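Presented below is the structure to which this report refers.
The values are calculated or read from the model by the stated rules, or taken from the named source; none is laboratory data. Keep in mind it's a predicted model, so treat the numbers as computed, not measured. Neighbour counts are summed over all protein chains in view; Cβ atoms, including those assigned to glycine, are modelled from backbone coordinates with ideal geometry.
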Amino acid sequence: MIDFVQNTLDGLAIGSAYGLLALGFTLIFGVMRRLNMAFGPSILVGIFAGAWLHSHWSAGMIPVFLATLAGAVIASAYVERLSFAAIRGDAALASMASSFALWMQLEEAVARVFPQRTYAFPTFEGLPMLELGPLFLRPEYLVMFLTAAALVAGLQVILTRTLFGLHLRTLSDNREAARVSGVNVAQVALLTFLLAAAIGGVAGFLIAATDGQISTKLGMWATMKGLIAMVIGGLGSMRGALIGGLALGVVEAQAQWYLGASGREITTFALLFVALILLPVGLAGGAETGARAEAGRRL
Amino acid sequence: MDGYTISVLSNIGLFAFLAISAWILLIAGEISFGQQAYFAIGAYSGGIATAVWQWPFAAGVVIAVALGAAVGALVAWPTMRLSGLHYAIATLAFAELTRASLNVFTYRRDIEGFATGPDGANGFGDIRWVYEAGIEPGAYLAIIAGCLGAVIGLVALMSYGRGMARLRIVGEDPILAAMQGLSVTRTKIAAASLAGGIAALGGALYAHLATYIEPAQFSVMTGVHALAYGLIGGLGTVLGPILGVLIDIGLLESLRVFAGYRMIVFGGLVVLVLIVRPRGLLDEPTMRRVQAWLRR
């Protein structure tokens with residue numbers, strides 16, 4: 001029983017990072033109605049920018065964090081310009097294929113510059129292990145959880161209290177209505193894209209700082225986890241993305257503990273498959289959103 | 001032809017099966033991230049048939065295609081209710097489930113003093129039927145080309161009859177298709193089954209050329225590539241996905257100038273093509289123009 005609770009705790013922490021990745025995906029999907037396959041690889045560029053700063057200038061956590069964020073945002077701007085802004089509005093499949101091509105490009109570019117298999121990433125050193133009775137909580141996990149919570153709260157404020165947030169939600173809900181009410185669609189879309197990249201950058205930084213080492217596989221990993229968490233949560237809702245991320249984290253942690261690495265993979269994907277068939281509206285359920293209806297079409 | 005050309009051409013042929021498989025589902029209006037699963041099913045079942053059960057090659061290929069088509073239909077049956085992104089993720093989940101299951105799938109028998117058969121993550125070696133039968137690489141390339149020709153012929157036959165039109169109308173507008181009295185679900189299940197069979201055919205041929213296969217080869221990356229080939233080459237004709245494979249493997253891998261930068265060049269090229277031609281190089285308007293020109 002203690003094991004189960006302990007795994008749940010660890011899973012929730014990792015799951016909060018998944019939730020952030022899913023949140024980034026949801027924001028992009030909401031305003032673009034297209035899938036950005038290069039989301040993870042953009043984060044990868046950021047993480048490696050941070051690692052480079054760390055190894056060459058032995059920079060501390062804050063500059064590394066800022067470099068990660070900057071790298072992810074710049075790479076995402078590149079993706080947005082080429083794969084989304086430049087492609088006609090009705091060609092969602094082309095954007096997907098195009099962002100996949102940029103995924104390949106970014107990943108290979110990173111691999112050319114950083115040829116080793118793994119690189120060191122700075123970790124949160126000197127933080128004490130937290131004990132809650134019989135339970136333990138890694139301090140990195142606490143940082144992860146709290147940062148994710150703070151970020152979600154901040155995002156909520158942006159979405160509900162600012163003009164940009166209003167525009168973003170209008171655009172998410174109905175593109176045509178947004179256009180006729182004078183929202184600068186192209187600009188809001190770009191800004192949303194960059195906001196999503198920044199959120200993804202934070203998630204990537206937290207994950208890299210927890211592991212202490214990074215490889216070029218992280219790009220694909222982030223895309224897959226974010227995509228899966230978004231879909232099991234239910235498309236088009238922020239709450240859904242978070243719930244999906246947390247659920248994925250907990251399921252993975254439990255399966256890893258009880259069934260081992262290969263058991264974890266089998267269980268996670270089998271559950272995902274069954275969940276999609278039985279509950280296509282996602283864990284958050286609720287009303288049909290514009291984004292969800294759009295996803296029902298061919299993207 | 002020298003050995004290198006033969007091996008590049010064989011690779012192009014084998015990936016073409018996977019690309020056509022993903023293309024058929026795209027025409028039927030579904031995005032599949034998981035066609036590599038059927039490639040894996042074909043490779044493993046074909047390999048088990050010839051290496052472990054000692055069946056002849058043709059029987060191995062037939063069982064692989066049958067299994068691929070059956071699993072394709074079986075998976076499509078519950079998932080066709082989903083659509084768009086949900087279907088895409090469901091296929092991804094199925095493919096990763098297949099790969100993860102192959103990682104623990106062990107089935108070994110003693111063949112002529114050697115334990116032969118799939119050994120989980122260690123892979124499945126000694127699929128040697130083609131080599132023991134003394135088939136030269138050039139002759140094997142002819143077999144691959146023949147099978148690919150048969151698949152292209154089948155699709156051409158479907159375009160000649162009503163099959164392809166039916167697939168396209170279901171893909172473009174399911175509601176209109178249903179109003180015309182077409183069963184959307186049945187058409188999509190048939191498309192998924194056909195796509196599964198074609199990918200499994202490619203997989204069986206691949207296993208016998210490579211003689212060694214392992215679960216890691218059938219990752220998401222393989223499947224997403226297959227999907228991208230059709231989108232780059234063009235959705236207008238079955239030659240589109242083959243053109244996509246030709247550009248990626250044929251042009252860039254054989255042009256050693258780009259060694260190490262292949263993906264950077266390929267990625268940039270694809271992005272530029274898609275900005276100008278969102279439905280690929282050989283898109284529908286282009287194909288209509290070609291057909292009109294041929295009819296003159």
Selection within region A:170-188 - modelled with pLDDT under 90 and buried (at least 16 other Cβ atoms within 10 Å of the Cβ): A:THR170, A:LEU171, A:SER172, A:ARG175, A:ALA178, A:VAL183, A:VAL185
Criterion: at pLDDT 95 or above, closer than 21 Å to B:GLU214 by Cβ, part of a helix (DSSP H, G or I) and touching a Gly at 6+ places or on another chain (Cβ under 8 Å) - qualifying residue of B:ALA40, B:ALA51, B:ALA16: B:ALA40
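Regarding A:ALA203, is this residue touching a residue at least 40 places away in the same chain (Cβ under 8 Å) and closer than 22 Å to A:TRP52 by Cβ? Before the answer, list the steps.
On the way: touching a residue at least 40 places away in the same chain (Cβ under 8 Å): yes; closer than 22 Å to A:TRP52 by Cβ: yes.
It is true that A:ALA203 is touching a residue at least 40 places away in the same chain (Cβ under 8 Å) and closer than 22 Å to A:TRP52 by Cβ.
Of the residues that sit in region B:218-231 and are in contact with a Lys or Arg (Cβ under 9 Å, 6 or more places away or on another chain) and of a type outside the set (Phe, Trp, Tyr), which one is nearest to the other protein chains (Cβ to nearest Cβ)? Outline the logic, then answer.
Keep residues of region B:218-231 that are in contact with a Lys or Arg (Cβ under 9 Å, 6 or more places away or on another chain), which gives B:218-220, B:231.
Filter once more, keeping what is of a type outside the set (Phe, Trp, Tyr): B:219-220, B:231.
Numbers: B:SER219: 9, B:VAL220: 7, B:LEU231: 4 Å.
The qualifying residue nearest to the other protein chains (Cβ to nearest Cβ) is B:LEU231.
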Inter-residue pairs, beta-carbon under 8 Å, first under 13 Å from A:LEU191 (Cβ atoms) and in region A:154-165, second at pLDDT below 95 and of a type in the set (Phe, Trp, Tyr), 6+ apart: A:ILE158/A:PHE164
Single unsatisfied condition, B:ALA88 versus (1) at negative phi; (2) in contact with a Ser or Thr (Cβ under 8 Å, 6 or more places away or on another chain); (3) more than 14 Å from chain A (Cβ to nearest Cβ); (4) at pLDDT below 90: (3)
Checking A:GLY260 against (1) surrounded by fewer than 21 Cβ atoms within 10 Å (Cβ to Cβ); (2) in contact (Cβ under 8 Å) with a residue 24 or more places away in the chain, the condition it does not meet: (2)
Hey, A:ARG34 among the charged types (D, E, K, R), within 14 Å of chain B (Cβ to nearest Cβ) and outside any helix (DSSP H, G or I) or not: yes
Scan of region A:50-87 for residues that are over 19 Å from A:LEU218 (Cβ atoms) and within 14 Å of another protein chain (Cβ to nearest Cβ), ordered by number: A:GLU80, A:ARG81, A:LEU82, A:SER83, A:PHE84, A:ALA85, A:ALA86, A:ILE87
Qualifying residue in region B:92-112 (condition: within 9 Å of chain A (Cβ to nearest Cβ), surrounded by 13 or more Cβ atoms within 10 Å (Cβ to Cβ) and not in a helix (DSSP H, G or I)): yes
Meets criteria (more than 14 Å from chain B (Cβ to nearest Cβ) and touching a Leu at 6+ places or on another chain (Cβ under 7 Å)) for A:THR147: yes
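How about region A:157-175: which of its residues are part of a helix (DSSP H, G or I) and in contact with a Gly (Cβ under 9 Å, 6 or more places away or on another chain)?
Initial filter on region A:157-175 (part of a helix (DSSP H, G or I)): A:157-161, A:163-173, A:175.
Passing the criteria: A:VAL157, A:ILE158, A:LEU159, A:LEU168, A:ARG169, A:LEU171, A:SER172, A:ASP173, A:ARG175.
Which of the residues that make up region A:88-136 are hydrophobic (A, V, I, L, M, F, W, C) and in a strand (DSSP E or B)?
Restricting attention to region A:88-136, the residues satisfying the condition of being hydrophobic (A, V, I, L, M, F, W, C) are A:91-94, A:96-97, A:100-104, A:106, A:109-111, A:113-114, A:120-121, A:124, A:127, A:129-130, A:132, A:135-136.
Listed by number, the residues that qualify are A:ALA120, A:LEU130, A:LEU132, A:LEU135, A:PHE136.
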Set B:GLY267, B:GLY240, B:GLY280, B:GLY244: member being under 19 Å from A:SER95 (Cβ atoms), within 11 Å of another protein chain (Cβ to nearest Cβ), crowded, with 17+ Cβ neighbours inside 10 Å and in contact (Cβ under 8 Å) with a residue 60 or more places away in the chain: B:GLY244
Of residues in region B:24-75 being more than 15 Å from the chain's Cα centre (by Cα) and of a type in the set (Val, Ile, Thr), the one surrounded by the most Cβ atoms within 10 Å (Cβ to Cβ): B:THR50
